[in-house]
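Novice: Pasting a structure here, questions to come.
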Amino acid sequence: MGSSSVKVRGTSWLRLLMTLCRWMGVSPPTERFRYVHLVWSLMLLACVWTATINRMITMKFHEKVLTIQKLFYFAEYPANMFMTATFSLRVYRSANFYRRLWFQLQRQQVHLFENAGETEELYTRFGSHVLLWLLVVLIFNGICAIVDSAWLHFYWPLAVPSFGAHVLPSIMISLCLLQYVMMQQFLSLLYMQLNKRVAQLQLPPNGLRIRTISCSEVEFKLEQLRLVYVALEEVQTMLLYRFGMVLLLNFANSLLSFSYEMFNMFRLLELAKWKDWVLYSYRSLWLLLHGSRVWFVLKVNERIAEQKHQLCLFLNKLDASDAHLERVVNHFLVQLQANMSQPLAVCGVVDLDTLAVGGFINALMAIVIFLIQMDLGNKSLMGFV
């Protein structure tokens, strides 16, 4: 009874996140409201697509802009259209998939957490993460909406379509990625507890080097923990398979958008139009948005990779004096190292590790330099003519 109430309190913020995501059409609906939710999702997608297409058709550039620069500017729009449709109609459409996923995570949580105190700490910690990042997403997108409207002088015939083309898809995509990050965050907490359980097999709780449990008991517990590890690996693989294509598109979209916004900041600084502080704020917010979409996805996966490296260290430190226990430890290590030798990658292209940021920055600088050179070459040619 106590453990159940702990779970209810600890997952209340998660339920709030899922409810908000359902209202935005990017979370699995309940079976009872499945068709109502589908109609609502299609209406939201229609708003995004209509506003985006209208923006692409009616967009006018105040200065002469090269075709290549227009392509970079417009690249974000079809990407947003495709990502919102994919998240809403495919990734988050199957309630059964996420029900099985959550059941699997809770099943492993029962194996790893032996008392109510540890379970309460898990759900309290997880709930605080959910609340923090939900507030960050809502506040950030609220600021984006205000700045976007301020740039249009709060002229609603322009501000409302701009909201549908920019802020609404941004909220939907951010909430989708937040759900993915939170699922990986919960996995990370389970891996952390797995490491703790393996470390406890080395020494008894009182710290004495006198083994209080037999080798057969250690062998049995270690085999149980190995099976938990296998189940957690399967969950992470399932998530990557389901999110792989949209994560890759998210990285590509953020790279192109970040590059073009960096180029725009260069042009603004060159023109020194400091009176357009709203435009500076707008560009800075979009830089932060696309940068965070890449960084936090990579960071949460790197945290899990760090937990696996730590698990490998604990297993190597384990005193395997018995032959049967040694076989179990070696089996666990071989399985762990085999998975670690093949790092998770999005569609085999982008490694889910913050080391990939180096490649991201190199590609970013190459694109920005290319755009600057094209801009300077065009100005020189116009001056020459």
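Novice: What's the extension gain from V278 to Y35 if we count 0.36 nm per residue and subtract their Cα-Cα distance?
Specialist: The V278-Y35 span can extend by a further 83.3 nm.
Novice: Say a paramagnetic label sat at a point 7 Å from the Cα of V230, along Cα to Cβ; which residues of the range 153-194 have their backbone N under 16 Å from it?
Specialist: none
Novice: Please list, by residue number, everything in the range 280-315 whose backbone N is under 13 Å from a paramagnetic label point 7 Å out along Cα→Cβ of M374.
Specialist: None, by backbone N distance to the label point.
Novice: For the range 26-174, what does the alpha-carbon gyration tensor say about shape, rounded, prolate or oblate, given a ≥ b ≥ c as the root eigenvalues, a/c under 1.5 as rounded, and a/b over b/c as prolate?
Specialist: prolate
Novice: Something else about it: Distance in nm between label sites at A366 and T124, each 7 Å beyond Cα in the beta-carbon direction?
Specialist: 4.9 nm
Novice: Pop out the carbon and sulfur fraction of the accessible area of the range 79-211 as a percent, whole number, probe 1.4 Å.
Specialist: Carbon plus sulfur share of accessible area: 68 percent.
Novice: What shape does the range 96-154 have by the C-alpha gyration tensor, where a ≥ b ≥ c are the square roots of the eigenvalues, rounded means a/c under 1.5, and otherwise prolate means a/b greater than b/c and oblate the rest?
Specialist: Here the range 96-154 falls in the oblate category.
Novice: Here's another thing I want to ask about it. Against the empirical 2.2 N^0.38 Å scaling, what ratio does the C-alpha Rg of the range 231-316 come to?
Specialist: 1.59
Novice: Taking only C-alpha pairs under 8 Å that are 6+ residues apart, what is the relative contact order of the range 38-178 in percent?
Specialist: 44 percent
Novice: What whole-number value in Å² describes the accessible area per residue of the range 87-207 for a 1.4 Å probe?
Specialist: 43 Å²
Novice: Can you give me the distance in nm between label points at F266 and A95, each placed 7 Å from the Cα along the Cα-to-Cβ direction?
Specialist: About 5.1 nm separates the two model spin labels.
Novice: Give me the mean projected area, in nm² to one decimal, of the convex hull enclosing the Cα positions of the range 130-204.
Specialist: Computing the convex hull of the Cα atoms and averaging its projections yields 5.9 nm².
Novice: To the nearest 0.05, how large is the calculated FRET efficiency for Q106 and A46 if R₀ is 45 Å and r is the Cβ-Cβ distance?
Specialist: Using R0 = 45 Å, I get an efficiency of 0.80.
Novice: Based on the Cβ-Cβ distance of R327 and Y155, what FRET efficiency does E = 1/(1 + (r/R0)^6) give at R0 = 51 Å, to the nearest 0.05?
Specialist: Result of the calculation: an efficiency of 0.10.
Novice: Modelling each spin label as a point 7 Å along the Cα-to-Cβ direction, I'd like the N316/L132 distance in nm, to one decimal.
Specialist: Between N316 and L132, the label points sit 3.0 nm apart.
The values are calculated or read from the model by the stated rules, or taken from the named source; none is laboratory data. Everything numeric here is computed off the predicted structure, so don't read it as measured data. Positions of Cβ are backbone-derived with ideal geometry, glycine not excepted, and every protein chain shown enters the neighbour counts. For accessibility, only protein heavy atoms count, side chains too; no ligands or nucleic acids. Shrake-Rupley method; radii C 1.70, N 1.55, O 1.52, S 1.80 Å.
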